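Only one structure is covered here, and it is reproduced in the block below.
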Amino acid sequence: MRIVLMGAPGSGKGTQAQRLVNQFKIPQISTGDILRKHRKEGTELGKRADAIMAKGLLVDDATMLEIIRDRVAQPDAKNGFILDGFPRTQTQAEALTRLMIDLGTPIDAVVLFDVGDAELVRRISGRRTCSLCNKVFNIHTAPPPSPATDCVPDSTEHQLFQRKDDEEATVAERLRVYAQQTQPVLSYYSEAGLLRTVRAEGALEEITQRLLDAIAGKPAVRKKRAAKRRPVAKKKVKARARATERRKPAAAPRRAAARTAKSLGAKPAKRVSARKAKRPAARKSRPVRRKSKR
């Protein structure tokens, strides 16, 4: 199984990639981690990448492809791999397709992690790295433990700092570059029939399950919200009850009275409409006397 994970910086690709590694026993090829390793070791590649990434730009294609070629050729990637952070442009996607065909390892699926921009900025700007053990934390979602039992020996607290490319101003530039250069790649993979989309907000377990369903080709299932009924005020309930009582027909009692009168041999009373019943009785006119002529 050969999978490409795509998404903006901070969308959670790395976290979910580790979960796939544990489940399928295949390696994660993270170009970002490899570049950070070179930057830490101070290699020529690391220095060049450090200058580029600090500006919010992307590393050149030739370097990235050489890193991927070398990593895919290793024995642990024989049964598959999870590629995280590459490709980011359509040119890279086309070059990666050619590389995978040459190696005999074509891509099986491309998964897009869909996250809103506001959430992305919050996630990335909250990242902190320990200068002692190099572990990465997030002050919003995964703060470091205190005391620091998982740090280097004789250290009671993590020594945290914020990387230059995790600062809010740099994050905005990274997202702009992603929207401009990376999103056209989605059309390329969509036309190839490889693209899957996963909503990457919510609990980690829920996102993992959505990811597994997407890889398996299952359609996304959205939970339907139950419609909330608005409470009705007591005054309105009483008013409706009175209106209903007024609308009830009075025909049933009249029919019962008519049946009783018929059984007793009496003539049924003549029905009088409510309008006629309310009219006042007409005054009888007196006869006019005519004066006799004398």
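Scaled to the compact-protein estimate 2.2 N^0.38 Å, what is the alpha-carbon radius of gyration of region 66-117, rounded to two decimal places? Before the final figure, lay out each step's value.
Numbers: Rg = 12.1 Å, N = 52, 2.2 N^0.38 = 9.9 Å.
This ratio for region 66-117 stands at 1.22.
Phi-derived couplings, Karplus 6.51 cos²θ - 1.76 cosθ + 1.60 at θ = phi - 60°, listed residue by residue for region 103-110: 7, x, 10, x, 6, 8, 7, 10 Hz, with x used for Gly and Pro.
Using the structure shown, select from Lys47/Lys78; Lys40/Lys164; Lys25/Lys164; Lys78/Lys135; Lys40/Lys78; Lys13/Lys47 the pairs with a Cα to Cα distance greater than 22 angstrom. Numbers along the way, then the final one.
Details: Lys47/Lys78 31 Å; Lys40/Lys164 14 Å; Lys25/Lys164 33 Å; Lys78/Lys135 29 Å; Lys40/Lys78 28 Å; Lys13/Lys47 25 Å.
Pairs exceeding the cut-off: Lys47/Lys78; Lys25/Lys164; Lys78/Lys135; Lys40/Lys78; Lys13/Lys47.
How big is the equivalent ellipsoid of region 14-140 along its three axes, where each semi-axis is √(5λ) from the Cα gyration tensor, reported in whole Å from largest to smallest? It would help to have the intermediate numbers written out before the result.
Details: eigenvalues 120, 71, 53 Å².
Over the Cα atoms of region 14-140, the ellipsoid semi-axes are 25, 19, 16 Å.
Element breakdown for region 65-119 at a 1.4 angstrom probe: carbon and sulfur atoms account for 47% of the accessible area.
Can you pull the percent of region 1-50's accessible area that's carbon plus sulfur, 1.4 Å probe, other chains left in place? The partial results should precede the final answer.
Details: 1120 of 2370 Å².
Of the solvent-accessible surface of region 1-50, carbon and sulfur hold 47 percent.
The values are calculated or read from the model by the stated rules, or taken from the named source; none is laboratory data. None of these values were measured; they are calculated from a predicted model. Just the protein is used for accessible areas: all its heavy atoms, side chains included, with ligands, DNA and RNA removed. Shrake-Rupley method; radii C 1.70, N 1.55, O 1.52, S 1.80 Å.
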